1. What are the residues in segment 284-312 that are crowded, with 24+ Cβ neighbours inside 10 Å and over 18 Å from residue 270 (Cα atoms), if any?
2. Of all residues in segment 250-287, count the ones that are in contact (Cβ under 8 Å) with a residue 60 or more places away in the chain, under 26 Å from residue 406 (Cα atoms) and not small (Gly, Ala, Ser).
3. Residue by residue through segment 405-447, note down the ones that are under 26 Å from residue 275 (Cα atoms) and not aliphatic (A, V, I, L, M).
4. Just to be sure I understand the filter: pairs with C-beta atoms under 8 Å, separated by 6 or more residues or on different chains, first member in segment 212-237 and closer than 19 Å to residue 318 by Cα, second member among the basic types (Lys, Arg) and buried (at least 24 other Cβ atoms within 10 Å of the Cβ). Which pairs pass?
5. For segment 348-381, what are the residues that are small (Gly, Ala, Ser) and in contact (Cβ under 8 Å) with a residue 40 or more places away in the chain?
6. Would you mind finding the one in 436, 394 that is modelled with pLDDT of 90 or more, surrounded by fewer than 17 Cβ atoms within 10 Å (Cβ to Cβ) and farther than 29 Å from residue 87 by Cα?
7. Would you check if residue 376 is of a type in the set (Lys, Arg), surrounded by fewer than 20 Cβ atoms within 10 Å (Cβ to Cβ) and either at positive phi or not in a loop (DSSP other than H, G, I, E, B) (or both)?
8. Whether any residue in segment 65-77 is in contact with a Lys or Arg (Cβ under 7 Å, 6 or more places away or on another chain), within 30 Å of residue 426 (Cα to Cα), in contact (Cβ under 8 Å) with a residue 24 or more places away in the chain and surrounded by fewer than 24 Cβ atoms within 10 Å (Cβ to Cβ) is what I want to check.
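The values are calculated or read from the model by the stated rules, or taken from the named source; none is laboratory data. All figures in this text were calculated on a predicted structure; none of them were measured in a lab. Don't worry about glycine lacking a Cβ; one is built from the backbone with ideal geometry, like all the others, and counts go over all protein chains shown.
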Amino acid sequence: MIAIILSALWGVVMMFSGIFFKRKSAAGVIAILGITTLIIVSLLEYGSYLYLPLDVKGMLTFTPFSQVFNMVAFICTLIYFLLNATEFEEVGNDVYEYYALIFFILCGICIVTSFNTLLMLFLGIEIISIPLYILAGSDKRNLKSNEASLKYFLMGSFSTGIMLMGIVFLYGATGTFHIQGMHIGADKPDPMVAIGLVLLLVSMSFKVSAAPFHFWAPDVYDGSPTIFTSFMATIVKVASFVAFLRLFDNAFGKMHAQWQLLAALIAAATLFIGNITAVFQQSVKRMLSYSSIAQAGFMMLSVFALNTFAKEGMILYAAAYSLASIGSFAVLVKMKDFSLEGFNGLRKTNPFLALMNTIFLLSLTGIPLSAGFFAKYYMLIGTVKSGHYSWLAIFAVLMAAISAFYYFRVIQAMYFKEGNAEAKPVSATYKATLLITAGLVILLGAFPDILIKALYN
């Protein structure tokens, strides 16, 4: 609870700091101080050393799962700030506001990982979404950024409307907004419950860019400033999936058999469309945008399975995918040419960036000894253990093999093609942070139990 209040307050602090501090560089320092405070507070809350006796009337429940995920999100955000502090200054003059909006998003993330009522879910989703609409269009001089913001806003508003309709139907059928008080059983569901379930499934699929509701994502990710694409395609996406998982586990878990096939089809379609379209991209940024859709297909397996392996896999995936994608986008930001050819010969011109990017891409592929391997492994095991639709696990493995093709194209360009890839100068702090990020990816690949054991505190 303290993390929710503190993240919101720090967002306000960031907004007013712009009045007293004129230097843009000060914004990054204040933001890093704030996110570090959030990490410390979350650790203390997790260890029961800090507690706020505030009665929220059962609207929120802070479980070890939500607390661990929040810590993962905060740590990834800290890494994100350290890697992109200088890039924030290049987007525009409203640097303090950019950081403020991200802290408001973190407040929404803490809510959607802990909600117990449908209204808190709606509130959390909107607290996340509204700042993202602004960040997507933050580069006012770029027409693509303006288009991305407008498209994101329209699609987001549309999906929010669908969510509200689903909430209304569920309330009409059950008389409550509390997800555990709905008492939705495995018997033949009320038609209004079934309609509400489908509407919420569609709206949440919009939010996580799952097929066939993904069509907004490539253009929005491509048009938004790259540093904000890095945030919305990673931490925001996995937080939305945690909300997705929590909603369907707690509210519709007893009806699992009735909607499992629908979830399987969405997961399969997302894997197929994301991977196949990524293969044909010549822009690395757009390739990463489509690959984020493919990664959403793997995360969708947790919603499909709803078992212990799937939930453990979701935490691993949150950390592995966020760290690797943030690192890969951070390397991309430093490149002067985002095309595939722009990476040709990076091994010669900047061997450090080439090595770091290789580690991140190998993790996204799911190569052993990287965090991505165990993340995908747990998702596949969860799918098999569900006892139904074994074809989905086989299909996911085939799609993972296809993903290796386009990730390795970048590695091939860096190491085996002739060229003079140009990159911007990088600071010592940037190098150290990138090295730590790569180290965390390898560490979680070797010892995934670090996160899994934390779920059972």
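1. 284, 312, listed by residue number.
2. Residues that pass the stated criteria total 13.
3. Selection gives 405, 406, 407, 408, 409, 412, 415, 416, 417, 437, 445.
4. Close Cβ pairs (under 8 Å, with a partner that is among the basic types (Lys, Arg) and buried (at least 24 other Cβ atoms within 10 Å of the Cβ)) do not exist here.
5. In the first step, residues of segment 348-381 are kept if they are small (Gly, Ala, Ser); the result is 354, 363, 366, 370-372, 375.
354, 363, 370, 371, 372, 375, listed by residue number.
6. Working: 436 fails: farther than 29 Å from residue 87 by Cα.
Checking each option against the conditions leaves just 394.
7. The answer is no for residue 376.
8. no
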